[in-house]
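**Student:** Could you have a look at this structure, given as structure tokens, before my questions?
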Amino acid sequence: YGSYEYSAQQAWQVLVEFLNTHDLLNHIDTRYGIAHDNPKTTEEKHIRYDACVSLTTWEVATNDQVGIQNISGGMYAIFLHIGVYETLDITYNEIQKWIDKNSIILDSRPIIQKYLDLNPMDIDHKELKTEIWIPLNIQ
């Protein structure tokens, strides 16, 4: 809980420690962030963020801080952000303009960030690639 800058950092710290403790760091297939709340409409202390990975093994014992969840299926608009994570808000502002201009209706699923670089420490941070999945309500 907290601003996305804070909660994402804390969530990744907990998850990486868990993965390291269980010798799972080499089994990461994809990294995801799940943004549950809009910081423009949700009080900062109530903003929720989940750090997630898909693994090449399913032999995982969870605990009270790390669990298993599924990403819901359905229609998503997918946008590509290139650059440091600290500038994601600029991309989100452009996405909001697209939503408003096109009268897009969103559904209640959370926004997904799919981090295309498996190990961001090995990449020039200006070249990081993040897909932003916006859940659409298509009827």
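The values are calculated or read from the model by the stated rules, or taken from the named source; none is laboratory data. This one's a predicted model, so the numbers in the text were calculated from it and none came from an experiment. As a convention, Cβ positions derive from the backbone with ideal geometry for all residues, glycine included, and neighbour counts pool all protein chains shown. In case anyone asks, the SASA skips ligands and DNA or RNA and just uses the protein heavy atoms, side chains included. Shrake-Rupley method; radii C 1.70, N 1.55, O 1.52, S 1.80 Å.
**Student:** Round to the nearest 10 and give me the degree value, 0 to 90, for the angle of helix 88-101's Cα axis relative to the longest principal axis of the chain.
**Tutor:** It works out to around 40 degrees.
**Student:** Then there's this: Counting other Cβ atoms within 10 Å, keep those with at most 15, restrict to DSSP loop, and tell me which GluC sites (Glu not before Pro) in region 1-109 are left. Walk me through the numbers on the way to the answer.
**Tutor:** Details: sites: E5, E17, E43, E44, E59, E86, E94; in loops: E43, E59.
For GluC sites (Glu not before Pro) across region 1-109 that sit outside H, G, I, E and B with at most 15 neighbouring Cβ atoms in 10 Å, the list reads E43, E59.
**Student:** Here's another thing I want to ask about it. Counting other C-beta atoms within 10 Å, and keeping those with at most 10, which DSSP coil chymotrypsin sites (Phe, Trp or Tyr not before Pro) do you find in region 56-139?
**Tutor:** W58
**Student:** Excluding residues on the same chain fewer than 8 positions from K40, give the lysines whose Cα lies under 19 Å from its Cα.
**Tutor:** Reachable lysines: K97, K101.
**Student:** Could I ask something else about it? Of all accessible surface on the chain at a 1.4 Å probe, what whole percent is carbon and sulfur?
**Tutor:** Details: 4660 of 9270 Å².
That fraction is 50 percent.
**Student:** Here is a follow-up. Determine, from the Cβ-Cβ distance of N38 and E59 and an R0 of 25 Å, the FRET efficiency 1/(1 + (r/R0)^6), rounded to the nearest 0.05. Don't skip to the answer; put the middle values down first.
**Tutor:** Details: r = 36 Å, r/R0 = 1.45.
Approximately 0.10, to the nearest 0.05.
**Student:** Going 7 Å from the Cα of D29 in the Cα-to-Cβ direction, what parts of region 89-117 have a backbone nitrogen less than 20 Å from that spot?
**Tutor:** Taking a point 7 Å out along Cα→Cβ of D29, the residues of region 89-117 whose backbone N falls under 20 Å are 112-117.
**Student:** Charges only on Cβ, +1 for Lys and Arg, -1 for Asp and Glu: so what's the dipole of the chain about the Cα centre, in debye to the nearest 20?
**Tutor:** Numbers: 10 positive and 20 negative charges, 97 e Å.
The dipole of the chain has a size of about 460 debye.
**Student:** With the cut-off at 1.5 for a/c, could you classify region 69-139 from its C-alpha gyration tensor as rounded, prolate or oblate?
**Tutor:** Working: a/c = 3.21, a/b = 1.55, b/c = 2.07.
Oblate, because a/c is 1.5 or more while a/b does not exceed b/c.
**Student:** Right, here's the next one. Above 20 angstrom, tally the Cα pairs of the chain and express them as a % of all pairs, no decimals.
**Tutor:** On the way: 4749 of 9591 pairs.
When every Cα pair of the chain is considered, 50 percent fall beyond 20 Å.
**Student:** Follow-up question, since we're still on this one. Might you tell me the accessible area per residue for the chain, computed with a 1.4 Å probe and given in Å²?
**Tutor:** Values: 9270 Å² over 139 residues.
Counting only protein heavy atoms, the per-residue value for the chain is 67 Å².
**Student:** Heavy atoms of the protein only, probe of 1.4 Å, neighbouring chains included. What is the accessible area of S3 in Å², nearest 10?
**Tutor:** So the heavy atoms of S3 present about 20 Å² to solvent.
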